[in-house]
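This report refers to the structure that appears directly beneath it.
What follows is calculated from the coordinates using simple rules that are stated; it is not laboratory data. Computed from a prediction, not measured in an experiment: that's the story for all the values here. Positions of Cβ are backbone-derived with ideal geometry, glycine not excepted, and every protein chain shown enters the neighbour counts.
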Amino acid sequence: MPLTATLTPPKKEEETLLFRALDTDHDGRVSRQTIEQVLKVSGVDPRQSQLAETFDLIDALPEEQQSQLDLETFSRCIKPNISLFTRVVKGELVIPDFHIFGREIGQIFQDCLSDTSGANAGYIPELRNAASERFGISIFTVDGQQYHRGDCDEAFSAQSTTKTINYCLAVEQNGLDLVHRHVGREPSGRVFNELTLNDAGLPHNPMINAGAMMTCSLVNRGLAVDERFERIRQVWQELASDTEVGFDEAVCRSESATAHRNWALAHYMMEKNAFPENTDLSETLDLYFRTCSLSVTCRQMAMLAGSLAAGGVNPITNHRIFSSLTVQACLSLMSSCGMYDYSGEWAFRVGLPAKSGVSGAVIIVVPNVMGICIWSPRLDACGNSVRGIRFAKAMVDRFSLHAFDSIDLRTNKINPLVSRIQAESQEKATLIEAASNGDLMAVQHLLSIGADPSAGDYDGRT
Ligand code: GLU
């Protein structure tokens, strides 16, 4: 047997490595508090359902034991969530420095708070009388890290944000080709409820009213309208990590009573034979009003957006809700058509798929990273939340999240996807390695991106 084989230590189990990492005072014990603390700093809520199994096991231990888990108990308890724990402890979650990220987001929230411009939507009393001062921001990453600030648990009606999910459902149930035989995918360049169709006599896209009524006509066909709606609500609950999604009856009644323009659009589309055969207009509109009246919180909308960011998988429950291709189609349309008449400017300035609604909600998706919901009822002239727009602009100015940030633009922004310490030590280590190998080209590369030639490593080597 070669000597090296005998010297290679046996591969330690993951649980043992994690235990050692957390047992910082080397007394062979790790407390529940330490586990909770390391999760919290990483943005992972210990109470969230993804971790329920681990905490159920810990809860079942006698109290004294909870504050001093030995290796064996620790291993047994974290086993059901081992992959998440491993990534937390190794700093491998999608936003590694989550506490720093959260601090910056908190500052942006604070800056936006003073902006009291704009006005609530006025066309129905429920929106007109909503508390204008409300402001909440919630974020869920694809790894289930979460951040909440302000009025995150207050319910509001989903309004036009529902257009995203109705579209996904229509695509899942009918396929992309069939859906787009009934609705286009170009920005309309017109206001969201304008009485206009494209050259083929179809609504321009699924993110404006005409298109959203069209996608509604394609969801859960063949069932009674109550059942169609309940099934949609069920999907919303799955997107919101199996939490209860409400229904605001008063909003629905008001929507229905003021829907002259929507009816005009629906009849216009009927005249053009745009709907699938046997479409019942009043059922279709009823379903559309009901979905606009789903009652959600900022927290729930961020989970929904996080599920879109994760390609259709809920980041907390890990359940797949939509296929990745469906989500890709939806995000593409959100990128070009999601922000009413401001969609082009939004794509230019913020560069991320988003959808807003007249209740003051804006959902933003950073694909493969996170979903964000901002809710604040005062709207600008385009019908978007004033604070929502302001927040988004400030966020992409501070973080390199705009889809088209080039490398040199990124150097002046924080990249939330890398750990600052890792990035800095990597740069120093590479510089030292390159210099000691006499690799002038590599040294020049590093200096050109601003590496500090006199920065030392942890031993002071330069
Ligand atoms: N319920 C609204 C309508 O159809 C949707 C408004 C919106 O959020 O864009 O007029």
Checklist entry - Would you say LYS428 is charged (D, E, K, R), within 30 Å of GLU194 (Cα to Cα) and either in a helix (DSSP H, G or I) or within 16 Å of the ligand (Cβ to nearest atom) (or both)? => result no
Checklist entry - For segment 408-456, which residues satisfy the criterion of being within 26 Å of GLY102 (Cβ to Cβ) and among the aliphatic types (A, V, I, L, M)? => result LEU409, ILE414, LEU417, VAL418, ILE421, ALA423
Next on the checklist: Condition first: touching a Gly at 6+ places or on another chain (Cβ under 6 Å), within 30 Å of ASP45 (Cβ to Cβ) and within 13 Å of the ligand (Cβ to nearest atom). Can you find one or more residues in segment 125-138 that meet it?
Outcome noted: no
Checklist entry - Out of all the residues in segment 235-265, which are within 11 Å of the ligand (Cβ to nearest atom) and not charged (D, E, K, R)? => result VAL251, CYS252, SER254, SER256, THR258, ALA259, HIS260, ASN262, TRP263, LEU265
Checklist outcome for this item: Condition set under 30 Å from ARG87 (Cα atoms) and among the polar types (S, T, N, Q), scope segment 107-146, selection surrounded by the fewest Cβ atoms within 10 Å (Cβ to Cβ): answer is GLN107
Item to check | All positions within segment 162-183 that are buried (at least 20 other Cβ atoms within 10 Å of the Cβ) and either more than 16 Å from the ligand (Cβ to nearest atom) or not aromatic (Phe, Trp, Tyr) (or both) | outcome: THR162, LYS163, THR164, ILE165, ASN166, CYS168, LEU169, ALA170, VAL171, VAL179, HIS182, VAL183
Checklist entry - What number of residues within segment 199-220 are surrounded by fewer than 15 Cβ atoms within 10 Å (Cβ to Cβ) and free of Cβ contacts under 8 Å to residues at least 60 places away in the same chain? => result 2
